[in-house]
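J.: Questions regarding the structure given below will be posed in turn.
The values are calculated or read from the model by the stated rules, or taken from the named source; none is laboratory data. Predicted model only: the values in this text are computed from it and were never measured. Counting neighbours? That spans all protein chains shown, and the Cβs are built from the backbone with ideal geometry, glycine included. Each accessible area value is taken on the protein alone, full model and side chains, heavy atoms only, with ligands, DNA and RNA left out. Shrake-Rupley method; radii C 1.70, N 1.55, O 1.52, S 1.80 Å.
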Amino acid sequence: MEHSFYAGRVAVVTGAGAGIGRELAVRLAGAGGSLGLVDVDGERLAETVEELQGRGAKVVGVVADAADVERMGEVADEVVGRLGGVDVLINNAGRLFYGGVLESGPGDFDAVMRANFGATVVTTKAFLPYVVKSPQGRIANLSSAYGLIGLAGAAPYTAAKFAVRGFTESLRSELRGQPNVAVSCVFPGGVKTGIAWSALAAAGVDADRAAERFDRHVARTDPGAAARVILRGIERGQSRVLIGPDAILAEVAARVAGGQYERLIRLVVRG
Ligand SMILES: NC(=O)c1ccc[n+]([C@@H]2O[C@H](COP(=O)([O-])OP(=O)(O)OC[C@H]3O[C@@H](n4cnc5c(N)ncnc54)[C@H](O)[C@@H]3O)[C@@H](O)[C@H]2O)c1
């Protein structure tokens, strides 16, 4: 069976009400895992939870902001109290942001850092004491192709996703003495979810226009396919999981061209 690694294990997924997080939850439940699902959007979370419970999965759904320190402590207590422990933590919750350095104020940088980096740090700190006790623990954090390269028009989001990557790589190094735990950083290119439309934006940026452009030109990979690659990477304990040809291009360009990667990407994209 696909993803049999997850059978009988407990997995926590943040941002499980929609998009990639929802697809991860569906596949984890299908593989026979028990689930702790977290989302700030109660309605969407309830839809995911009801659907999976209807298929017989053991699911605990908790409405919470993954960046809220106090609340995530309570969430960890509740999930562990009801499911007995945590083997797999997937820090998936995040928000896209439209705006570059010039348009974005300090408050924009704070908000985007909190939504992406803060949520990852807070949730990891809440669940890490349990994951390290698992015989085969896994932590996976969702960065982005924007965590591999920096391009114009997305400085706050890029900074936040580079921060997620730095945090993840440091955590992996810190856990070297715990061979039972593997830490993965996931770098999706554009994935066809609703993220384009729920994005934050700097004042003066036309968010609808930016969303249409993102949806049409960037978001190409199917979220179900993305979830499959992520779960396979996590079970193998892969350090880096690249999703889609655009993420692979970003990775290769950064490695091959060093500081000149932007020129290389423009050449490839223009054909
Ligand atoms: N879709 C893409 O093109 C793409 C590309 C690269 C990286 N990513 C990353 O993948 C992850 C998932 O993206 P997606 O496309 O599925 O997004 P999405 O907008 O479709 O779904 C995200 C879900 O997370 C929830 N959420 C957001 N902030 C939260 C918080 N603080 N606490 C709890 N729940 C929260 C939302 O309510 C939503 O249900 C994000 O971290 C995103 O940055 C997405």
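J.: Scanning segment 1-49 for residues that are within 15 Å of the ligand (Cβ to nearest atom) and among the charged types (D, E, K, R), which turns out surrounded by the fewest Cβ atoms within 10 Å (Cβ to Cβ)?
T.: That would be 43.
J.: Here is a follow-up. Go through (1) open to solvent by 30 Å² or more (accessible area, probe 1.4 Å); (2) at pLDDT 95 or above one by one and return the number of the condition residue 224 breaks.
T.: Every condition holds for residue 224 apart from (1).
J.: On to the next question. Tell me the residue from 77, 65 that is touching a helix residue (DSSP H, G or I) at 6+ places or on another chain (Cβ under 7 Å) and either surrounded by fewer than 19 Cβ atoms within 10 Å (Cβ to Cβ) or of a type in the set (Asp, Glu) (or both), please.
T.: After ruling out the rest, the residue left standing is 65.
J.: Determine whether residue 229 is within 16 Å of the chain's Cα centre (by Cα), more than 11 Å from the ligand (Cβ to nearest atom), free of Cβ contacts under 8 Å to residues at least 60 places away in the same chain and at negative phi.
T.: Yes; evaluated as a whole, the condition is true for this residue.
J.: Also, quick follow-up: All but one of (1) in contact with a helix residue (DSSP H, G or I) (Cβ under 9 Å, 6 or more places away or on another chain); (2) hydrophobic (A, V, I, L, M, F, W, C); (3) open to solvent by 20 Å² or more (accessible area, probe 1.4 Å) hold for residue 83; state the number of the condition that does not hold.
T.: Condition not satisfied by residue 83: (1).
J.: Of the residues that sit in segment 131-170 and are of a type in the set (A, V, I, L, M, F, W, C) and open to solvent by 20 Å² or more (accessible area, probe 1.4 Å), which one is farthest from the chain's Cα centre (by Cα)? So that I can check it myself, show each step before the final result.
T.: Of segment 131-170, the ones of a type in the set (A, V, I, L, M, F, W, C) are 131-132, 139-140, 142, 145, 148-149, 151-152, 154-155, 159-160, 162-164, 167.
Those still in the list that are open to solvent by 20 Å² or more (accessible area, probe 1.4 Å) too: 132, 151-152, 155, 159, 162-163, 167.
On the way: 132: 20, 151: 20, 152: 22, 155: 18, 159: 15, 162: 13, 163: 13, 167: 13 Å.
Ranking the qualifying residues of segment 131-170, first place goes to 152.
J.: Restricting segment 173-198 to residues that are surrounded by 18 or more Cβ atoms within 10 Å (Cβ to Cβ) and assigned to a helix (DSSP H, G or I), which is farthest from the chain's Cα centre (by Cα)?
T.: The residue in question is 175.
J.: Of all residues in segment 54-76, count the ones that are without any contact (Cβ under 8 Å) to a residue 12 or more places away in the chain and closer than 25 Å to residue 235 by Cα.
T.: Let us first name the residues in segment 54-76 that are without any contact (Cβ under 8 Å) to a residue 12 or more places away in the chain, namely 54, 56, 70-71, 74.
With the extra rule that they be closer than 25 Å to residue 235 by Cα, the set shrinks to 56.
Number satisfying all stated conditions: 1.
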